[in-house]
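Here's the structure we're looking at; comments come further down.
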Amino acid sequence: MIELTDVHFTYGCHPVLDGISLHVCEGEVVGITGPNGAGKSTLLHIILGLIKPQSGEIKIFGVPVNKFKAWHSIGYVSQKATLFNRSYPATVFEVVLSGRAALRGMFRFFSREDKRCAEYALDRVNMLSLRNSPISELSGGQQQRVMIARALVVQPRVLIMDEPTNGVDAANLAGLAQLLKNLRDDGVTMMLVSHEPEWLSSLASKRVCLDRRICSCNCHNYSNALRWRDCMMSREEKFSLGCADGLVRG
Ligand SMILES: Nc1ncnc2c1ncn2[C@@H]1O[C@H](COP(=O)(O)OP(=O)(O)OP(=O)(O)O)[C@@H](O)[C@H]1O
């Protein structure tokens, strides 16, 4: 469904991704973790066609990313999705409805079907009761749920989320996991970046530890907890433990 082959990316002379090959199959939930600056967001941006790698191949539904047109079938919640300014004027419902523009085009009126889909998406994330609230007056966790609804409003085949657990409290983390499990059970393919390895473990069918390269993938034969903890450690911590090159302790 999503296929990356030997992808290399640098910002100027700063290497960020070094030979990434990854295959995301239909219905799979891929959890991606790794230290700050490991290249996780960059990887998602490359898949979404927002930035172009220096080399390598990316295919989405078998189509090279530069020729891919069906972006409405991919829902994306960015890392900074919840930074609404206090004076941002839109309501929760309007924010979610605006996600339908990906299907209808920017300058068309929204149909009754669009509005029904927006209500349904808000209901899925348990936010229907706040549909008329200004988005800027919601908490970070509530805004996160609204942005997930906005991604879901086009009924995507793939949902890509960059740190969806940011700002979500413990009680709502469980709710968010349940929501994503329901989507997984509905057959939505997902790529989730998170710094919460246990939370990701409860959802992901494939687990990827990234630090410029893929340090480990799936690791069914190893102690997942050790691998994941390893990957979450910063490079500085690894140096201080004298294992800077030992990202994967087989
Ligand atoms: N626009 C940019 N210009 C130059 N360097 C950048 C830019 N965006 C990111 N970088 C660098 O690329 C590297 C990877 O960044 P990226 O945001 O992909 O990491 P990440 O794994 O998502 O980190 P985090 O867990 O902190 O969100 C970092 O060293 C970062 O400083």
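Determine, from the Cβ-Cβ distance of Arg108 and His72 and an R0 of 22 Å, the FRET efficiency 1/(1 + (r/R0)^6), rounded to the nearest 0.05.
Efficiency for this residue pair is about 0.95.
Over segment 2-240, what percent of the accessible surface lies on carbon and sulfur atoms, probe 1.4 Å?
Taking all protein chains in place, segment 2-240 shows 50 percent carbon and sulfur surface.
So how far, in whole Å, is the C-alpha centre of segment 140-179 from the one of segment 22-73?
First find each Cα centre; the distance between them is then 19 Å.
Run the reach check for Lys69 against aspartates and glutamates, Cα to Cα strictly under 17 Å, same-chain hits fewer than 8 apart removed. What comes back?
Excluding near neighbours in sequence, the set is Glu3, Glu57.
Using the heavy atoms of the protein chains alone and a 1.4 angstrom probe, what is the accessible area of segment 2-240 per residue in square angstrom?
Details: 11650 Å² over 239 residues.
For segment 2-240, the per-residue accessible area is 49 Å².
Say the cut-off is 25 Å between C-alpha atoms; which of Lys40/Lys115; Lys59/Lys206; Lys40/Lys181 go over it? Don't skip to the answer; put the middle values down first.
Working: Lys40/Lys115 34 Å; Lys59/Lys206 19 Å; Lys40/Lys181 22 Å.
Distance filter (> 25 Å) returns Lys40/Lys115.
Based on the Cβ-Cβ distance from Tyr11 to Asn218, what FRET efficiency comes out when R0 is 25 Å, to the nearest 0.05?
0.30
The values are calculated or read from the model by the stated rules, or taken from the named source; none is laboratory data. This is a predicted model, so every value here is computed, not measured. Positions of Cβ are generated from backbone atoms using ideal geometry, with glycine treated the same way; all protein chains shown enter the neighbour counts. Remember, those area values only see protein heavy atoms, side chains included, never the ligands or the DNA or RNA. Shrake-Rupley method; radii C 1.70, N 1.55, O 1.52, S 1.80 Å.
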